[in-house]
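Notes for the one structure printed next.
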Amino acid sequence: MNNFVFQNPVKLIMGKGMIANLNKEIPTGKRVMITFGGGSVKNNGVYDQVKEALKDYDTVEFWGIEPNPSIETLRKAIELGKKEKIDFLLAVGGGSVIDGTKLISAGLLYDGDAWDLVKARFIAGETIPLGTVLTLPATGSEMNNGGVVSRKETKEKYGFFANFPLFSILDPEVTFTLPPHQVACGLVDTFVHTVEQYMTTPGQSRLMDRWAEGILQTLVEVAPKIRQNQNDYQLMADFMLSATMALNGFISMGVSQDWATHMIGHELTALHGLSHGHTLAIVYPATLRILREAKGDKLIQYGERVWNITSGTHDERIDAAIVCTEEFFRSLGLTTRLCEEKIGVDTIDEIERRFNARNAAYGENANVTGAMAKTILNSCLKSF
């Protein structure tokens, strides 16, 4: 196990009706800007619950933070927040709204263009405090300090790190009305977040392995049941908490990490607008196919513990583990090949160029360069 320092200050508030606790978490006298995505929160009752809880506060609303939040939109929110002298932020939505609000929290105290903060990757210094009300499980942004922001004009998408939310409220009931495609993408995002921290070098930490495998086993168990009944509170609670636990730092303590699939997926989103989770469903099986030798021992362990693959030769067991992974993604209604999305070699060449331009070398072995990304993506061109 590697040396590490771990701290996660987010207060997690989970359960039915817990949005009413907002007025216990935000200090009195704060001028609050509430950030939203589209209008779904007005249809599922979340908006009314938030407004009722904050009826004694001075609030300003900002609407329109889109999936894969854009700097163009966030600049408008920062401008409004400065004008209104906001001193507390509440993000109400999924990972995109929360990610965008993290940048707003830094941008409100920055005199330059907030895109500078994104490009810097690590935002140092003071930020406006924020809390969250999660409506879409997926990114884990409600309990970490990371975010991802896009720039439409240049078709770029980058991750950054800011400060953690002070608190996050998770009520599984608010997920009942989510579109099935969003739920599917959230399940894949959670799954791939987990394996990015797990499918690396074997033998680093028994505990981290077991925690990660527990999340993966839970997702494999609940996903088909959620597809049948999305209104089951316990199922959605397990999914919601799995998404949070997958990327709040708990399963990464002392172990190497990958993240190459995410870096490739971000480019597919930036260039074609595919949902983040959908890009991962396409790229991750291909990553395993191409890097099967380096990841072989961990693939064997994963196949046995998550998919109960215990017979066959070494190569046959690896093959079976990769097939099970891709079939799981497809069982959620997602495509897993670029050809199915009519994405071709021009996009692959552009992603290779972008990787090379920044001397990228991702993965636990720093071997996913532009050339390797091209090889992985070429594998996604092939149909079954």
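The values are calculated or read from the model by the stated rules, or taken from the named source; none is laboratory data. Predicted model, so just to flag it, every value in this text is computed and none were measured. For the accessible areas, the whole protein counts, side chains as well, though only heavy atoms, and no ligand, DNA or RNA atoms are used. Shrake-Rupley method; radii C 1.70, N 1.55, O 1.52, S 1.80 Å.
Please figure out what share of the DSSP beta bridges in the chain is antiparallel and state it in percent, rounded to the nearest 5. It would help to have the intermediate numbers written out before the result.
Working: 7 of 31 bridges.
Within the chain, antiparallel bridges account for around 25 percent of the total.
What share of all Cα pairs of the range 318-371, in percent, falls into each consecutive 10 Å distance bin?
21, 29, 42, 8
What value, in deg cm²/dmol to 500, does the helix sum -39500 (n - 2.57) over DSSP H runs of n ≥ 4 give at 222 nm once divided by the residues of the chain?
Numbers: 15 runs with 188 residues, N = 384.
Taken over the chain, the calculation gives -15500 deg cm²/dmol.
Over the range 164-268, what is the mean sequence separation of C-alpha contacts under 8 Å (at least six apart), divided by residue count, expressed as relative contact order in percent?
Values: 89 pairs, mean separation 43.4, N = 105.
In percent, rounded to a whole number, it is 41.
Accessible area of the chain with a 1.4 Å probe: how many percent of it is carbon plus sulfur? Kindly include the intermediate steps, with their values, before the conclusion.
Details: 7890 of 15860 Å².
Its accessible area is 50 percent carbon and sulfur atoms.
Remind me, relative contact order of the chain in percent, using alpha carbon pairs under 8 angstrom and six or more residues apart? Please report the intermediate quantities before stating the final value.
Details: 705 pairs, mean separation 58.3, N = 384.
Across the chain, relative contact order equals 15 percent.
Going down the list K16/K152; K298/K342; K24/K102; K102/K342, which pairs span over 26 Å between their C-alpha atoms? Let's see the in-between values first.
Values: K16/K152 37 Å; K298/K342 32 Å; K24/K102 21 Å; K102/K342 34 Å.
In this structure, K16/K152; K298/K342; K102/K342 lie more than 26 Å apart at Cα.
Out of these labelled values of Cα extents along the principal axes in Å, (i) 66, 45, 43; (ii) 92, 52, 33; (iii) 65, 53, 37, which was calculated from the coordinates shown here?
Label of the calculated value: (i).
Using a 1.4 Å probe, what is the accessible area per residue for the chain, in Å²?
Details: 15860 Å² over 384 residues.
Dividing the accessible area of the chain by its residue count gives 41 Å².
When DSSP assigns beta bridges and you keep just the ones with both residues in the range 96-199, what percent turn out antiparallel, to the nearest 5? Numbers along the way, then the final one.
Details: 6 of 11 bridges.
That works out to approximately 55 percent antiparallel.
Relative contact order for the range 245-311: what percent, with Cα pairs under 8 Å and sequence separation of 6 or more?
19 percent
Convert each backbone phi in the range 343-352 into a coupling constant with the Karplus relation 6.51 cos²θ - 1.76 cosθ + 1.60 (shift: θ = phi - 60°), then list the ³J(HN,Hα) values in order as whole Hz, x for Gly and Pro.
3J(HN,Hα) across the range 343-352, in whole Hz: 9, x, 5, 4, 5, 4, 4, 5, 5, 4.
Please list, ordered by chain and number, the residues whose modelled amide H lies under 5 Å from the amide H of V60; skip anything fewer than 5 residues away on the same chain.
So V60 has HN proximity to V32, M33, I34.
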